[in-house]
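Chemist: Mind having a look at this structure? Questions to follow.
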Amino acid sequence: MAGIGFKLQKYFYKDDLVENAKGTLYSVLISSGPWLISVLTIAFISLYAQMNIQVTDLFILKSMICYSYAASLIIFGAIEMPITRYIADQLYKNDNSTFKSLYFMLVIASCLLGTSLCAGFYAFFPELSFTIKVTATMFFCSVLIIWISMMFLTAAKNYHQVVLSFIIGALVSVLACFYVGKDYGLTGYVIGYCFGQYIIALCLSICVFKEFKGLDYLSFEFLKYFKKCRPLIFAGLFYYLGIWIDKIIFWGGPEGEQVMSLFYTNRYYDTAMFFSYITIVPSLAIFLVQVETNFYKYYSFYFHSIEEKNNLNILNENIEDIGFSIQRTLMNLIKIQLGITLLVWFFAEEIMDALYLPSMVVSIFKYGVIGAFLQALFLICNIILLYFLNERKVVFHYFLFFLLNLVLTYVSTKMNFRYHGMGYLISSFIVLMLSLKALGKHVNQLNFFTFMSQPVER
C-alpha cells in the first residue's frame, strides 16, 4: 500500500526547495492529517470558547471529542488490517470492482454500530440536551467514516483532495464554532465542531467514489479475510488499546476529574501526551515517503526473483539489499527524530511555560516525548514485519505493549506525579527492543521464513 509514498517521492528527486517543501507538507498532512488537524482545530476552538462558555462546558466538549476518537479508533482497529489486506490483494490483481460496494457496506455497518453504541452511552447523560446527543452520535459515525475512507484512500494517488478535505473540514469547524458557539453556548460549539467533521467525511467519501468508479457487483469475499487473517484483527485492536489505555487509567486515577457522568479527564496527563505525540510527526512523514518506498523497492526485487526462479546467490544478495535499506532508512529516521526529540526534551520546561502549563506537566511531557519516539520506531518495525506476513509476532508485540502499558501505568498512578508517564516510556522501550530483534531475525532468515511458510501440496 505504498502508492501515496511513491507519488510523493517525485517532490524529493528534484533539487528544488519549493518542491521539497511541498512534498514535506503533503507527507505531514497525509501521514498525520486526521490527528494533527483535529488537535489544532480543537486548540483554536478551545481558546475562543474560553471567552464564551463555562470551563465545565469546555471540558464536556473536549471529552466528547476525545472519547469519540478513542472509541472509534479501537473499533476501527479490529477491521482495519484485514480490510486493508483485502484491498491490497485486489489492487495487486488489478480488480477494484468490489470496492465501492464494500465501502457502502462498511459505512452502513459503522453507522448502525455507532448509533447503537452512542444511544447506550449517552443514556447515562440526562443533563445533556437531545440536540447535543444526536449531534454527538452523528459525529461519532462521521469519525468512523473518516477512518474507513482513509483506509481506501491509502491506495489512491489523488492526495491533493485528501489534504483539501481535512483543511476544508477544519476551517468549517472553526468558523461554525465562532459564529454559532457565541450565541448557543455548548450546543453551538458541539454543532459547529461536528459539522466540520461531517464535511470531512463527505469530502473523503466523494474522493473514494471518484477513485473507484465501478460498482460491478456486491461481494462478501472480504469476510473470508477475517478468518484468513485473524491475527490482524487482534493486531489492530491491541495497538489502539495500547495507545489509549494509559490515558484511560489516568482519567480514573487519583488526579483524574469527573467532568460529567461517564466523562472523565486528566488535564495534565492528556495535555502533556498530546504535545508529545506532535513531536513524532517528522517520523511518520519520513516513513511514508522514504522508509516504506525504499524498503518496498528491494522487497519487490526479492519476491520477483523468486517468481523468476533465480538462484540462491541472487536471493541472498536481495536479502542483503533489504537489510541494508531497512538499516539505512531507520538510521536516517533516527538521526532526524532523535535530534528533534532531544531538542524538545532539553527545552521542555520553556515549552510548557510558553503554553502556560503548570510545572508538574514537565516531567510527564519529557517521558512522553521519549516514549512517543520509541513508539514510532516500534510501529515502523512491526509494519515492516507485516510486509513479511509475520502477523503472530506483531500481535504479540502489540498485545505486550497494551499489557505493559496497562500494568506499568497503573503502578505509576500510585507513585509520585514525577513518575507519571514512565509506564508508557518503559512499555515502548521494551516492545521496541523485541521488535528490532524480531525484525533482524526475520530478515536474516528470510529464505527460511518465505519457503517454509508455504503450504505443502499433497
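The values are calculated or read from the model by the stated rules, or taken from the named source; none is laboratory data. This one's a predicted model, so the numbers in the text were calculated from it and none came from an experiment. Using ideal geometry, Cβ is built from the backbone for each residue, glycine included, and neighbour counts are taken over all protein chains shown.
Chemist: Starting from residues that are modelled with pLDDT of 95 or more and of a type in the set (Ser, Thr, Tyr), keep the ones in segment 414-453 and report whichever is nearest to Gly256 (Cα to Cα).
Modeler: Top of the filtered list is Tyr424.
Chemist: Which of the residues that make up segment 220-255 are among the hydroxyl-bearing types (Ser, Thr, Tyr) and under 16 Å from Ile74 (Cα atoms)? Can you show your working first?
Modeler: First pass over segment 220-255, keeping only residues among the hydroxyl-bearing types (Ser, Thr, Tyr): 225, 239-240.
Hits for segment 220-255 are Tyr239, Tyr240.
Chemist: Taking the condition touching a strand residue (DSSP E or B) at 6+ places or on another chain (Cβ under 6 Å) and not charged (D, E, K, R), does Trp251 pass?
Modeler: On the way: touching a strand residue (DSSP E or B) at 6+ places or on another chain (Cβ under 6 Å): yes; not charged (D, E, K, R): yes.
Yes, satisfied.
Chemist: Whether any residue in segment 242-251 is touching an Asp or Glu at 6+ places or on another chain (Cβ under 8 Å) and in a strand (DSSP E or B) is what I want to check.
Modeler: no
Chemist: Now, a different point. Filter the helices (runs of 4 or more DSSP H) completely within segment 128-240 down to those with at least 3 residues that are surrounded by 20 or more Cβ atoms within 10 Å (Cβ to Cβ). So that I can check it myself, show each step before the final result.
Modeler: Details: elements: 130-153, 159-176, 182-211, 224-228.
Where helices (runs of 4 or more DSSP H) fall fully within segment 128-240 and carry at least 3 residues being surrounded by 20 or more Cβ atoms within 10 Å (Cβ to Cβ), they are 130-153, 159-176, 182-211.
Chemist: Here are some conditions: (1) surrounded by fewer than 20 Cβ atoms within 10 Å (Cβ to Cβ); (2) under 28 Å from Thr84 (Cα atoms); (3) touching a Ser or Thr at 6+ places or on another chain (Cβ under 8 Å). Thr279 meets all but one. Which one does it not meet?
Modeler: (1)
Chemist: Now a separate question. Quick one: which helices (runs of 4 or more DSSP H) lie wholly within segment 379-458 and hold at least 1 residues that are without any contact (Cβ under 8 Å) to a residue 12 or more places away in the chain, in the same structural domain as Tyr277 (by TED's automatic domain parsing) and within 27 Å of Val281 (Cβ to Cβ)?
Modeler: Values: elements: 391-413, 422-444, 446-452.
Hits in segment 379-458: 391-413, 422-444.
Chemist: Separate question: So Val259 fits all but one of (1) closer than 30 Å to Leu385 by Cβ; (2) assigned to a strand (DSSP E or B); (3) β-branched (Val, Ile, Thr); what number is the exception?
Modeler: Going through (1) closer than 30 Å to Leu385 by Cβ; (2) assigned to a strand (DSSP E or B); (3) β-branched (Val, Ile, Thr) one by one, Val259 breaks only (1).
Chemist: Can you give me the number of residues within segment 345-369 that are under 27 Å from the mean Cα position of the chain (by Cα) and small (Gly, Ala, Ser)?
Modeler: Final tally of qualifying residues: 3.
Chemist: Okay, next question. Any residue in segment 304-320 that's touching a residue at least 24 places away in the same chain (Cβ under 8 Å): show its pairings with residues that are among the small types (Gly, Ala, Ser) and part of a helix (DSSP H, G or I) at Cβ separation under 9 Å, as long as the two are six or more apart or on different chains.
Modeler: These pairs meet every condition: Leu315/Ser305.
Chemist: Going through segment 68-77 one residue at a time, which ones are touching a Leu at 6+ places or on another chain (Cβ under 8 Å) and surrounded by 19 or more Cβ atoms within 10 Å (Cβ to Cβ)?
Modeler: Looking only at segment 68-77, we keep the residues that are touching a Leu at 6+ places or on another chain (Cβ under 8 Å), and these are 71-72, 74-77.
Scanning segment 68-77 gives Ala71, Ser72, Ile75, Phe76, Gly77.
Chemist: Let me ask something else. Can you work out which of the residues in segment 163-191 that are out of contact with any Ser or Thr (no Cβ under 9 Å at 6 or more places or on another chain) and closer than 30 Å to Asp89 by Cβ is modelled with the highest pLDDT?
Modeler: The residue in question is Leu164.
Chemist: In segment 246-275, which residues are acidic (Asp, Glu), more than 24 Å from Gly120 (Cβ to Cβ) and at pLDDT 90 or above?
Modeler: Within segment 246-275, the first condition is being acidic (Asp, Glu), and the residues that meet it are 246, 255, 257, 270.
With more than 24 Å from Gly120 (Cβ to Cβ) added as a condition, the list becomes 246, 255, 270.
Those that are acidic (Asp, Glu), more than 24 Å from Gly120 (Cβ to Cβ) and at pLDDT 90 or above: Asp246, Asp270.
Chemist: Hey, among the residues in segment 321-338 that are hydrophobic (A, V, I, L, M, F, W, C) and without any contact (Cβ under 8 Å) to a residue 40 or more places away in the chain, which one's surrounded by the fewest Cβ atoms within 10 Å (Cβ to Cβ)?
Modeler: Restricting attention to segment 321-338, the residues satisfying the condition of being hydrophobic (A, V, I, L, M, F, W, C) are 322, 324, 326, 330-331, 333-334, 336, 338.
Keeping just the survivors that are without any contact (Cβ under 8 Å) to a residue 40 or more places away in the chain gives 324, 331, 338.
Values: Phe324: 12, Met331: 10, Leu338: 14.
Among residues in segment 321-338 that are hydrophobic (A, V, I, L, M, F, W, C) and without any contact (Cβ under 8 Å) to a residue 40 or more places away in the chain, the one surrounded by the fewest Cβ atoms within 10 Å (Cβ to Cβ) is Met331.
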